Amino acid sequence: MIVGQTLFSVKKGTEHRAEAALAELEGYLHHAAGLRTHRILRSFGMSPIGSDLHREARAAELGELHYVVQTEWDTMETHDEFYRSGAVGRVYAVLSSVITSGPYEVLYRALEQDDRSRVAV
């Protein structure tokens, strides 16, 4: 199983354009061969508990909205086939007009119990 997390940011006020493009992407994901599951996330704030932020930073307003498109694929090949499609390219062309950083996709493989037991802490 391959897990992909694509991260990008957009300037506040352009989220309607980003979310329209993401709705189109989600339609393609529903029919993608080899896709196990997906979800699309949008930021709404910062947590001083889970990061190195001071308590007063919790109320800080984000200047940009951050999105994550998280997908799980059967194989790397099915992942690559989907992202090479022309339809996905058109969605990313729309997104490129509002993105301030990214998109960056990080790929993951799940660690099995045997893998975790060999990691020194």
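Summary table below
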| item | result |
| --- | --- |
| Failed item, numbered, when residue 113 is tested on (1) under 25 Å from residue 1 (Cβ atoms); (2) at pLDDT 90 or above; (3) not aliphatic (A, V, I, L, M) | (2) |
| Residue in region 28-40 that is over 15 Å from residue 73 (Cβ atoms) and among the small types (Gly, Ala, Ser) present | no |
| Complete set of residues in region 66-107 that are of a type outside the set (A, V, I, L, M, F, W, C) and either part of a strand (DSSP E or B) or touching a Cys at 6+ places or on another chain (Cβ under 7 Å) (or both) | 66, 67, 70, 71, 72, 100, 101, 102, 103, 104, 105 |
| Checking residue 37 against (1) under 17 Å from the mean Cα position of the chain (by Cα); (2) at pLDDT below 95, the condition it does not meet | (2) |
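Per-residue answers, yes or no, for (1) modelled with pLDDT under 95; (2) more than 18 Å from residue 7 (Cα to Cα):
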| residue | (1), (2) |
| --- | --- |
| 52 | yes, yes |
| 65 | yes, no |
| 69 | no, no |
| 77 | no, yes |
| 83 | yes, no |
| 101 | yes, no |
| 119 | yes, yes |
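The values are calculated or read from the model by the stated rules, or taken from the named source; none is laboratory data. Remember, it's a predicted structure, so these values are computed and weren't measured experimentally. No Cβ is skipped: glycine too gets one built from the backbone with ideal geometry, and neighbour counts run over all protein chains shown.
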